[in-house]
Number of protein chains: 2
Amino acid sequence: MGIRSSRDVRRASRFEVLHQIYALGSASRSSLASASGLSTPTVATVVSELLDWGVIGEVCTEDSGGGRPRARLAVNPARGFVVGVDVSETYVQTDVFDLALQPRASDRQALDTGHNHPGDVIDRIERGVGAVLGTAGVPRADVVGIGVSVPGRIDRAGGVSVFAPNFAWRQVPFIELLSPRLPLPLYLDNPLKASTMAELWFGAGRDARDLAVVTLGTGVGAGFAVGGTLVRGTGNAAGEWGHSTVVIDGRPCRCGNRGCLEAYVGAPGIMRQLRERVPGSPLLRPDSQTATITALAEALAAGDPVAEAVLRQTARYLGVGIGTLVNMLDPAVVVLGGWVTALLGRWLVPAATALAARHTFAPAFHSVRFETSALTGNPISLGAGIFALEGFLAGLGVSTSRDPARHTAAIATTTPPAV
Amino acid sequence: MGIRSSRDVRRASRFEVLHQIYALGSASRSSLASASGLSTPTVATVVSELLDWGVIGEVCTEDSGGGRPRARLAVNPARGFVVGVDVSETYVQTDVFDLALQPRASDRQALDTGHNHPGDVIDRIERGVGAVLGTAGVPRADVVGIGVSVPGRIDRAGGVSVFAPNFAWRQVPFIELLSPRLPLPLYLDNPLKASTMAELWFGAGRDARDLAVVTLGTGVGAGFAVGGTLVRGTGNAAGEWGHSTVVIDGRPCRCGNRGCLEAYVGAPGIMRQLRERVPGSPLLRPDSQTATITALAEALAAGDPVAEAVLRQTARYLGVGIGTLVNMLDPAVVVLGGWVTALLGRWLVPAATALAARHTFAPAFHSVRFETSALTGNPISLGAGIFALEGFLAGLGVSTSRDPARHTAAIATTTPPAV
Ligand SMILES: [Zn+2]
Ligand SMILES: [Zn+2]
């Protein structure tokens, strides 16, 4: 510990330079040095490697002042494709992106609570990848990597889902199971990390270096960036904000503890509040979280007092959690996303952030900005695609040793699945 | 935002190289490159600057194998001195260190609740600085900077104590008030940041890059390091973990909110628990927090059941807070310090960390290590001294522009105070 290898440093520099090329659209070497904070010689080395590998190219742009055209650096979208997969509690979404991270095709397959065994999920991923490559006309050989996001705690190096309480998975060797079916470089992480990476590259991170990205869905969690870098924690477990205690000896949570924030503000927690308030409420669709939260949103739009009371109660707990997060990290921006935010955010975000003031040390609260995610498309599959890009960059020029976070199929399929 | 200047990068490299020389004791250029993660040319540039300025020198060491002596780099302790000041709720401690950060002299002056106006504190700092320089025989001209730690929210650039609830200070221009009395480069920050910096340089940070440093005293807070770097937050307000809500609508806290962790586990909170349990308890010394907590420690050592009940209750709330911290940041180590930890840690740390398991997402909990601070001396004055060292390094070679976090006296005293 305390010691980073020069290979890690080289990789981080590559990723940072490419990040800045995406952020700037196209860039000169000197603007990359100032934007990345790397030295001019380091930028020159990285740029020449990226040019050699065809990841970036030189494009001609004219000065705004009308002067002579100058060569600038831009990503070469045709160099290859990455796939990002979002495994959520209710669906598996697969997206294919070119190397400029522009989406080319998308697929979504339903996943219900009866079909969330690893094999069910892997079937859907395989079908999804086949579907998006077919739609986009991308040959499998042009895919440089596939990033998969699975909820819960992930061992990236081992490609293992250590603990996914919402699926009741423990120590599932996910990549080992997936790689015979998709013999390509595979990368595993979770939605908190993926959506934070997406915001960092294409959302709120474009003008802030200290971010918190809150996800409200069936599960609840947060991702953090400090100084422009994703916070992983020592075992890649940072961000389990949703399992922080908001009520001592409170409701049981799927993680095995009691009184977790998720048990109050996750979709099942909101359903429970509705059930406790009005046991036979017509808003309640016991077998569908999405239908219930949608009904709640419609009732809020119509001014229904029961819906308003449930919203206030949810906002109360969410305000406590947001206060803690702001107190601890003093981010410039808190971005709220996830499907519950998409449905209820219009009412929930203003109510929760107003209440958060009561739970925040005053000076930090006054400087924070709250936003709902402005990314178009799915930030989780985008972030998973960025992880695949990161792995691809790390592997360029490395032929001998094996990247512990990159997994290629140990067993090659004799007949590759049809695309 | 998102843009760091090359001057910031140069400064950060200098500070990181020097940090590694401290960590390694003495070092070769190549060991510095691998330990710091900086490129060999960057290390060479920084080392040659530090040699030119006399901050480091070359020393001869023999190979462990008995080979020929080799030149290694080490800090030059005689290059100058830094002073670190810890303004706590009950005392002002001043320490002078040589440039190798070895303590040379220390002074402590009592501060009681009737004497915590800025002027009272400044008088004690001035006397403390005079005392330690006198004892150590250090001429004032050899002091390269003074770092001062004051509890609460600090605007570093402005040298302002924005909000110090325990002193009832708001917007006190502390450095502006102090600089006529001590016309030297002055740096202001808070004890959470200072003690985290001290742990990062000389404590748990020597073998972990992701740390949380918890301080339990009159006030309660935490400092964080991610990837070996101190987390400041966007407005230097990160670490206000003590003002996270543990009981919704709970006890009022000095910050103005209700139910904050500090209101339960800070020294006044522990006293309140004792008072609520046994109103006339002989352990209670209403006018002294230190005497009460000391009496509680003695009662625990004697197996007193009231003391044990108060300890259990305190551990319960502290366990919630520690769980939140581990959930959010997944640190390798949580270091507990502060004067309440020094007195009660033997009982409180094992009880609270065991209870924290109930409030932590399981995988993160199993990988974290809990420690009580192993630093000798006062980590806050040491950390404040490190901030002065950091400011001194940043200013070397910069003669024209003004460092916003460095404050030199606008008004020179005609007769410098006697040393
Ligand atoms: Zn939980
Ligand atoms: Zn408080």
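When both the stretch A:132-185 and the stretch B:174-221 are represented by their alpha-carbon centers, they are found 43 Å apart. Taking all protein chains as shown and a probe of 1.4 angstrom, B:Val172 keeps an accessible surface of around 20 Å².
Only Lys, Arg, Asp and Glu carry charge here, each on its Cβ (+1 for the first two, -1 for the last two); on that basis the stretch B:206-372 has a dipole of about 140 debye about its Cα centre.
Placing R0 at 45 angstrom, the Cβ-Cβ distance between A:Val278 and B:Asp287 gives a FRET efficiency of 0.25 after rounding to 0.05. A Stokes-Einstein calculation at 20 °C with viscosity 1.002 mPa s, built on the Kirkwood radius of the protein assembly as shown over Cα pairs, returns a diffusion coefficient of 75 µm²/s. Taking each DSSP H run with n ≥ 4 as -39500 (n - 2.57) and averaging over every residue of the protein assembly as shown yields -13000 deg cm²/dmol at 222 nm. With the highest mean first, a sort of the peptides B:219-225, B:352-358, A:359-365, B:282-288 on other beta-carbon atoms found within 10 angstrom per residue produces B:219-225, A:359-365, B:352-358, B:282-288. The local environment of B:Gly385, defined by Cβ-Cβ distances under 11 Å, has a net charge of -3 under the rule Lys, Arg +1 and Asp, Glu -1. Seen from every direction in turn and averaged, the convex hull around the alpha carbons of chain A projects onto 23.0 nm².
Look at the dipole of chain B built from charges on Cβ: of B:Asn190, B:Trp53, B:Gly147, the Cα furthest out on the positive end belongs to B:Asn190.
Kirkwood hydrodynamic radius computed over the stretch B:206-372 comes to 16.1 Å, based on all pairs of distinct alpha carbons. Across A:His115, B:His366, B:His243, the residue with the most accessible area heads the list, and the full order at a 1.4 Å probe is B:His366, A:His115, B:His243.
Working from Cα positions, state the angle (0 to 90°, nearest 10) between the long axis of helix B:191-202 and the longest principal axis of chain B. The helix B:191-202 is inclined about 60 degrees to chain B. The mean count of C-beta atoms from other chains within 10 Å of the C-beta of residues in B:221-233, rounded to a whole number, is 5. Normalised by the number of residues in the stretch A:206-372, what is the relative contact order in percent for Cα pairs under 8 Å and 6+ residues apart? With pairs under 8 Å counted, the relative contact order is 24 percent.
Under 5 Å between amide hydrogens, built in the peptide plane, is the criterion, and for B:Ile154 it picks out B:Val162 among residues at least 5 positions away or on other chains. Legend: calculated FRET efficiency, B:Ala302 to B:Arg127, from the Cβ-Cβ distance at R0 = 41 Å, rounded to 0.05, equals 0.55.
Under 8 Å for C-alpha pairs, at least 6 residues apart: give me the relative contact order for chain A, rounded to a whole percent.
18
Using the Cβ-Cβ distance between B:His366 and A:Thr229 with R0 set to 25 Å, the FRET efficiency from 1/(1 + (r/R0)^6) comes to roughly 0.50. Taking every DSSP bridge with both residues inside chain A, close to 65 percent are antiparallel.
Extending 7 Å from Cα along the Cβ direction at A:Arg346 and again at B:Thr135 yields two label points whose distance is 6.7 nm. Here the Karplus curve 6.51 cos²θ - 1.76 cosθ + 1.60, taken at θ = phi - 60°, turns the phi angles of the stretch A:353-368 into couplings of 6, 5, 5, 4, 4, 6, 10, 10, 4, 3, x, 5, 4, 5, 9, 8 Hz, with x standing for Gly and Pro.
Taking all protein chains together and a 1.4 Å probe, the residues B:Glu176, B:Glu126, B:Glu240 rank B:Glu176, B:Glu126, B:Glu240 from largest to smallest accessible area. Counting Lys and Arg as +1 and Asp and Glu as -1 over every other residue whose Cβ lies under 13 Å from the Cβ of A:Leu261, the net charge comes to +2. Under a 5 Å amide H cut-off, with hydrogens placed 1.01 Å from N, B:Trp169 pairs with B:Ala164 among residues at least 5 apart or on other chains. Computed 3J(HN,Hα) for the stretch B:225-237, one whole-Hz value per residue from the Karplus formula 6.51 cos²θ - 1.76 cosθ + 1.60 where θ = phi - 60°, is 10, 10, x, x, 10, 4, 8, 9, x, 6, x, 6, 10, glycine and proline marked x. The distance between label points at A:Glu58 and B:His115 comes to 7.1 nm (points 7 Å beyond Cα on the Cα→Cβ vector). The mean sequence distance of close C-alpha pairs (under 8 Å, at least 6 residues apart), as a share of the length of the stretch B:118-218, puts its relative contact order at 24 percent. Bridge orientation summary for the stretch A:202-342: considering DSSP beta bridges with both residues in this region, about 65 percent are antiparallel.
Counting charges near A:Asp98 (Lys, Arg +1; Asp, Glu -1) among other residues having Cβ under 13 Å from its Cβ returns a value of 0.
Each label was represented as a point 7 Å from its Cα along the Cα-to-Cβ direction; for B:Arg251 and A:Asp142 these points are 6.6 nm apart.
The phi-based Karplus calculation (6.51 cos²θ - 1.76 cosθ + 1.60; θ = phi - 60°) puts the 3J(HN,Hα) values of the stretch B:373-387 at 4, 9, 6, 8, x, 8, x, 6, 5, 4, x, 5, x, 5, 4 Hz, whole numbers, x for Gly and Pro. Each part reduced to its alpha carbon centroid, the stretch B:272-311 and the stretch A:25-62 end up 64 Å apart. Ordering A:Val246, A:Trp201, A:Ala164 by Cα displacement along the dipole of the stretch A:157-263 toward the positive end leaves A:Ala164 in first place; charges were set at the Cβ atoms of Lys, Arg (+1) and Asp, Glu (-1).
Which whole number gives the average count of other chain Cβ atoms within 10 Å of the Cβ atoms across peptide A:104-117?
Working: counts 0, 0, 0, 0, 0, 0, 0, 0, 0, 0, 0, 0, 0, 0.
That works out to 0 on average.
Subtracting the Cα-Cα distance of A:Ala168 and A:Ala78 from their residue separation scaled by 0.36 nm leaves 28.4 nm.
The values are calculated or read from the model by the stated rules, or taken from the named source; none is laboratory data. Being a predicted model, the structure only gives us computed values, none of them experimental. All Cβ positions, glycine included, derive from the backbone under ideal geometry; neighbour counts span all protein chains shown. These area figures cover heavy atoms from the full protein model, side chains too; ligands, DNA and RNA do not enter into them. Shrake-Rupley method; radii C 1.70, N 1.55, O 1.52, S 1.80 Å.
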